[in-house]
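Every number in this text was worked out from the coordinates using simple rules, so none of it is lab data. Not measured: the values here are computed from a predicted model. For neighbour counting, all protein chains shown are included, and Cβ atoms are generated from backbone atoms with ideal geometry for every residue, glycine included.
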Amino acid sequence: MFRSVIAAVILLLPSVALADSKSSAACAAQLTPEAKLIYNTAAPSIRPDTVIKDTLPGIVRPMVISGKVVRATAQDSGRAAGLCLKQLQ
């Protein structure tokens, strides 16, 4: 009995992660181009223990400096991207 419960949990883990990835991707598809760029840049560094609001400034700031993201819209785009990134956790 115990082994079958463990096996069921192990089998379900990939589908749970895949569901989160799918919902995050669906969310990102609705983003503005700038927010989507932030999402795509930040997504590889998001882990279950990542504090997104602390991580994004270090990612977005260089994008603003390099001209990839407009300073006036960076905060709003970062917030929108952050909501989708949260679903990756």
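Things worth noting here:
- Counting only lysines at least 8 places from K86 when in the same chain, those with an alpha carbon closer than 18 Å to its own are K22, K36, K53.
- A cut-off under 12 angstrom between Cβ atoms defines the neighbours of Y39, and their net charge, with Lys, Arg +1 and Asp, Glu -1, is +2.
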